[in-house]
1. Where does helix A:232-255 land angle-wise versus the long Cα axis of chain A, in degrees 0 to 90, nearest 10?
2. Over chain A, what is the relative contact order in whole percent, taking alpha-carbon pairs under 8 Å and six or more residues apart?
3. If the elastic network links every pair of Cα atoms under 10 Å, which of B:170, B:229, B:65 fluctuates the most in the Gaussian network model of chain B?
4. Tell me the mean residue ellipticity at 222 nm calculated for the protein assembly as shown from its helices only (DSSP H runs of n ≥ 4, each -39500 (n - 2.57), averaged over every residue, nearest 500).
5. What's the angle, to the nearest 10 degrees (0 to 90), between helix A:65-97's Cα axis and the longest principal axis of chain A?
6. Shape call for chain A from the C-alpha gyration tensor, a ≥ b ≥ c root eigenvalues: rounded (a/c under 1.5), prolate (a/b greater than b/c) or oblate?
7. In what order do B:135, A:214, A:67 fall by count of nearby beta-carbon atoms within 10 Å, going from fewest to most?
8. Highest first, please rank the peptides A:222-233, B:171-182 by the mean number of other Cβ atoms sitting within 10 Å of their residues.
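None of the figures in this text is laboratory data; all of them are computed from the coordinates on show. A quick note: this is a predicted structure, and the numbers were derived from the prediction, not measured. Don't worry about glycine lacking a Cβ; one is built from the backbone with ideal geometry, like all the others, and counts go over all protein chains shown.
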């Protein structure tokens, strides 16, 4: 991938509201988690807060670093899959929605480079958000004075968040392919919601570890009992899904008619 | 394809289901000429231009530009082609300058290329304005600036004066003429407005129903028009046409355009 293709893809984000909105949305995860921690630390307050307190109580949480990070993995695991789809839909779909695909695809640049550069942008963007969420979690956790603080707990919790983010990223090329196929924002978003629902349903069955979109929910523990270590088969499945998505996106940009 | 031929289409056909958008089109555009591609809306002009840039694939036949097959595979030759396809578009969140900077970097153009085309297209006052806040005419200028930025050998322009006011149209005509005359750039431009093509093109191809119906030199085109005017129009109708031309000149003078 040549540098100009990558730098221009980043330049396209300048003044974009979506970057700030994604940060705001993702920053909500640790804040909501912190709110839950604050509530469960004091059951009386939980009772006074009605439904929110009941929900926090039902979740069986305790106000510890371990619980806080588990909650973050759950929130950012599912929320992250949706947010990644929004980011990928924006980065790929905007070229069609804003009518600039025809300008981009008739440039003296091999088309696969645009696809790779866009995937790199999504990766950097989401990695930045994930790191921000971890830092925010640590700051809020320290502010709340949660119990059970140790380097191992923080490292383990942060690793889980990053693993969930990494697996979710490997599913991005399929969303990118749907964005180029559907030439806009809505088809990839529809696809992401459909696969997320399906992933949660199949995650509750024994087939979850074979279905790419069930793996993050299983790892986060939101689709049945939590799978703390990903099975090699699951990793192979997501890597194959990644490669298939990249190949399909390349082929779509190279061989399909690029109308708008 | 001879060395003098820059664009060559052979039996170029595009079918969308039952609709035949372009039908066995044969076309040769020579180096340094301005070729007007004239047709009504839906005649197949834009589809032809999209195939010419490799944006869509022919159902049958082929098109070559500068000797390269336009099929979306090898894209290196597109560095010698400037283009404007259908509606002018740009990244709305970026300024005029930033939009052009993207083109500059991706075409490997010289550092001052953006400044040059901004001056050339009269976009100086809008350089820092976001493309999403430009008028349609200025967005069209931006698209033309992007097409010219990397000093292409061939310009493929789909209705280049779309959205421009009469003064802007005259200005762009002059610019394209000078680019063709002074730099030997080949221009392939489509339009559905006959006078626009007649004022600029060296040769005109008339397309209808996806087929090339007729090819004429500018001289032949004017002779046909003269014959038509003399045989079919009354004195009153001719006077009316003359008056309408004078009104346009008056408008150009008042608004600071060149009449």
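1. Helix A:232-255 and the main axis of chain A meet at about 30 degrees.
2. Numbers: 342 pairs, mean separation 63.9, N = 260.
Averaging sequence separation for qualifying contacts and normalising by length gives 25 percent for chain A.
3. B:229
4. Numbers: 20 runs with 303 residues, N = 519.
The helix-only estimate for the protein assembly as shown comes to -19000 deg cm²/dmol at 222 nm.
5. Taking Cα atoms only, the helix is inclined about 20 degrees.
6. On the way: a/c = 2.27, a/b = 1.82, b/c = 1.25.
Prolate is the answer for chain A, as a/c is 1.5 or above and a/b outweighs b/c.
7. Values: B:135 11, A:214 27, A:67 21.
By the 10 Å Cβ count, ascending, the order reads B:135, A:67, A:214.
8. On the way: A:222-233: 14.0, B:171-182: 15.7.
So the peptides A:222-233, B:171-182, ranked by packing, come out B:171-182, A:222-233.
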